[in-house]
Amino acid sequence: MSFENIKLVIKNNIATLTLNRPEKLNSFTQAMHEEIKAAFIEIENQSVRAMVITGEGRAFCAGQDLGDRDIDAEEEFDAGDSLEQNYNPLIRKMHNAPFPIICAVNGVAAGAGANLALACDIVVAARSAKFIQAFAKIGLIPDAGGTWSLPRKVGLARAIGLSMLAEPLSAEKACEWGLIWQVVDDDKLSQEVERMALHLAHQPTVALANIKQALRASASNSMSEQLDLERDLQSASAKTDDFREGVAAFLEKRKPVFTGK
Ligand code: LHQ
């Protein structure tokens with residue numbers, strides 16, 4: 001399947017989606033959204049066990065393309081429609097994806113681009129990358145899940161500061177604040193993320209999906225609800241071939257060979 005605004009490579013059970021409009025810092029257009037929707041359908045039809053999202057060129061993603069014809073059009077533009085049709089289904093798909101998603105933040109991540117990164121399960125950023133909740137500068141609020149993920153990751157004081165001041169946050173500080181997992185030197189980013197994706201693609205995929213589901217649900221669950229969820233997801237995890245393989249490998253003092261089943 002070939003695309004114009006993104007690149008999709010599925011190899012060794014790893015799907016790598018690269019935003020590919022480098023001349024406009026990989027900002028989202030309607031055409032790009034349509035291609036991303038098609039890419040996720042393709043991914044769902046293949047046995048993907050890990051995914052990487054990154055950007056082509058010097059930026060990760062500058063958010064919505066503010067010059068896209070939908071925004072420029074004569075008739076009144078409804079940003080809520082664009083969220084409903086494009087960003088919200090994408091963020092939900094990422095949250096519910098039954099495999100880990102790594103974001104390789106290769107450069108600036110602004111607006112919805114920053115929050116796309118934060119919707120990934122593991123965020124690794126190049127040392128030169130920065131995160132900008134740019135929305136307030138143009139009279140908007142953080143979207144693409146930003147108002148949900150920011151306070152949960154960095155606390156309300158920092159979430160409000162980032163959103164209202166709309167100043168760039170360096171990758172180092174983002175990591176120090178717990179917004180992202182790791183910072184690596186620019187020239188090590190793709191190598192480090194490839195290594196991580198390959199590792200995750202050989203882990204017990206169902207358990208990883210269940211870990212993701214349980215930890216994400218904890219944000220709104222009570223302790224008691226969370227204990228019930230752990231019971232159910234552990235019960236499901238222990239019914240997999242990978243659980244049997246993990247225990248057998250431990251007892252036989254060998255490396256496990258997980259199949260994701
Ligand atoms: C761009 C963009 C861009 C178009 C750089 N659009 N061309 C909004 C509305 C509706 C529905 C749903 O949700 C949203 C959510 C959002 O995402 S709103 C937030 C949108 N994003 C921004 O406000 C960020 C705008 N960009 C910037 O502030 C800067 O470009 C950053 C700080 C990202 C990078 O700055 P520089 O490194 O100095 O690069 P640059 O500004 O020179 O940009 C390079 C080119 O990319 C340039 O084009 P040109 O033809 O002049 O070379 C920019 O116009 C273009 N570009 N972002 N979002």
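Sequence neighbours fewer than 8 away in the same chain don't count; with that in mind, list the lysines whose C-alpha is under 25 Å from Lys255. Cα-Cα hits under 25 Å: Lys11, Lys212, Lys239. Each residue of region 232-239 is assigned a 3J(HN,Hα), and the resulting list reads 5, 6, 5, 4, 5, 5, 6, 8 Hz, derived from the Karplus form 6.51 cos²θ - 1.76 cosθ + 1.60 (θ = phi - 60°), x at Gly and Pro. Among DSSP beta bridges lying fully in the chain, give the percent that are antiparallel, nearest 5. Of those bridges, close to 25 percent are antiparallel. Computed on region 1-138, with alpha-carbon pairs under 8 angstrom and 6+ residues apart, the relative contact order is 23 percent.
Normalised by 2.2 N^0.38 Å, with N the number of residues, the alpha-carbon radius of gyration of the chain equals 1.04.
Here the chain exposes an accessible surface that is 55 percent carbon and sulfur, computed with a 1.4 Å probe and the other protein chains kept in place. The string of couplings for region 165-170 from the Karplus curve (6.51, -1.76, 1.60, θ = phi - 60°) is 7, 6, 8, x, 10, 5 Hz, one whole number per residue in order, with x for Gly and Pro. If the label point is 7 Å along Cα→Cβ of Ala136, which residues in region 101-127 have backbone nitrogen under 14 Å from it? 111, by backbone N distance to the label point. Computed on the Cα atoms alone, the convex hull of region 95-163 gives a volume of 85 cubic angstrom per residue.
For Ala134, what charge total do you get from the other residues with a beta carbon under 15 Å from its beta carbon, if Lys and Arg give +1 and Asp and Glu give -1? Every neighbour counted, the sum reads 0. Quick check: from the Cα gyration tensor, does region 215-261 come out rounded (a/c under 1.5), prolate or oblate? Here region 215-261 falls in the prolate category. Along region 31-38 the Karplus relation, 6.51 cos²θ - 1.76 cosθ + 1.60 evaluated at θ = phi - 60°, assigns HN-Hα couplings of 4, 5, 4, 4, 5, 5, 4, 5 Hz to successive residues, with x for each Gly and Pro.
Under 5 Å from the amide H of Ala125 lie the amide H atoms of Val105, Gln182, Val183, Val184, each residue being 5 or more positions distant or on a separate chain, with H modelled from the backbone and absent for Pro and chain starts. From most to least packed by mean Cβ count within 10 Å, the peptides 11-20, 224-233, 33-42 give 11-20, 33-42, 224-233. Note that the chain presents 53 Å² accessible area per residue, ligands and nucleic acids not counted, probe 1.4 Å.
The values are calculated or read from the model by the stated rules, or taken from the named source; none is laboratory data. Note that the structure is predicted; figures quoted are calculated from it, not measured. Counting neighbours? That spans all protein chains shown, and the Cβs are built from the backbone with ideal geometry, glycine included. Surface accessibility is based on the protein's heavy atoms, side chains included, excluding ligands, DNA and RNA. Shrake-Rupley method; radii C 1.70, N 1.55, O 1.52, S 1.80 Å.
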